[in-house]
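Chemist: Sending over a structure as structure tokens; questions will come in a sec.
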Amino acid sequence: MTTALPTWLEAIHQELILPRRRAIAEHPFMVAMLDGTAERQSAGAFFAGLMWHLQDFGKHVGHLMVKRPANLSALLEGRSEDKDGDTEILGRIVTAFGYDTALIEKTPWRFVPHRVWIYHDALLRSTIYSTDFPWQVGTAALNVGIESLVPFMIEPLFQASVQQYGVSQSQAAWLESRSGEMERQHGENGYILLTHCVDPENLALQEQCRFFIEALSHSMAYGLLESGL
């Protein structure tokens, strides 16, 4: 981050996000993928759960963008915003690891992912669609709690899929797209919006944002990767 953060948000970054980036790197599933000892079927279960979760991602982002004030678009001018889960491309990596994507695509509510994906999905939806929380809480959950960790999870999985499992560049295209600078901007967008749109005196809103950043980042670092074991 190049932007100076307010004290409450800097504390979240130091106390939650940075340690969870390290936890992702050290998770047994990540280690197994990188050394090529993870079972293909187990890796496929992880990617299938990811695809199931992202089926409605575009709707989530669209709903959140409608909730936030329109004039905030100027804050993110020239920056990338992830508006689609790109599940069609993601399906290639799911197929490459031996899973049929038809059930996920056609009838996602008949597909049963590992329970960690169900909890993660429900928690994210609660922050975005609930009338109890302002848009800042959804932004905290989605952009900071999730998106700021995505490249640190996906980039090593991209490298492992290609180098250890012989997945082609085309099959791994979704992973590659979530590994670069544009993806890092999605997490940074959350920090920018929260810096400008959470009153330093509004301790209750800060606490709500921290609560859901903690919950979603914990799910990212410790929960979701369990689906690959």
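Laboratory data are not the source of any read-out in this text; all were calculated from the coordinates shown. Computed from a predicted model, the values in this text were never measured in an experiment. Cβ sites come from the backbone with ideal geometry, for glycine too, and all protein chains shown count toward neighbours.
Chemist: Please list 69-80, 139-150 highest first by mean number of surrounding beta-carbon atoms within 10 Å per residue.
Modeler: 139-150, 69-80
Chemist: Below 19 Å, Cα to Cα, which aspartates and glutamates can residue 106 reach? Residues fewer than 8 away in the same chain don't count.
Modeler: The qualifying aspartates and glutamates are 56, 84, 86, 88, 121.
Chemist: Compute the FRET efficiency between residue 100 and residue 25 as 1/(1 + (r/R0)^6), taking r as their Cβ-Cβ distance and R0 = 30 Å, and round to the nearest 0.05.
Modeler: Working from the Cβ atoms, E equals 0.45.
Chemist: Straight-line reach from residue 67: which lysines have a Cα under 21 Å away, not including same-chain ones fewer than 8 places off?
Modeler: The reachable lysines, counting only those whose Cα sits under 21 Å from residue 67, are 59, 83.
Chemist: Report the Cα centroid-to-centroid distance between segment 109-152 and segment 154-217 in angstrom, as an integer.
Modeler: 12 Å
Chemist: Report the charge-dipole magnitude of segment 7-228 in Debye, nearest 20, computed about the Cα centre from +1 at each Lys and Arg Cβ and -1 at each Asp and Glu Cβ.
Modeler: Rounded to the nearest 20 debye, it is 400 debye.
Chemist: Going by C-beta contacts inside 10 Å, put 127, 7 in order with the fewest on the left.
Modeler: 7, 127
Chemist: For the chain, what does -39500 (n - 2.57) per DSSP helix run (n ≥ 4), summed and divided by total residues, give at 222 nm, in deg cm²/dmol to the nearest 500?
Modeler: -18000 deg cm²/dmol, from helical runs alone.
Chemist: In nanometres, what is the gap between the two model label sites at residue 39 and residue 83, each 7 Å from Cα along Cα-to-Cβ?
Modeler: 4.2 nm
Chemist: With a 10 Å Cβ neighbour count serving as the proxy for reagent exposure, in which order, fewest first, do 220, 51, 65, 30 appear?
Modeler: Placing the least packed residue first, the sequence is 65, 30, 220, 51.
Chemist: Quick one: Karplus J couplings for segment 199-204, per residue in order, coefficients 6.51, -1.76, 1.60, θ = phi - 60°, nearest Hz, x for Gly and Pro?
Modeler: Result, ordered by residue: 4, x, 8, 8, 5, 5 Hz.
Chemist: Here's something else I'd like to know. Arranged by the count of other C-beta atoms within 10 angstrom, fewest first, what order do 131, 101 take?
Modeler: Placing the least packed residue first, the sequence is 131, 101.
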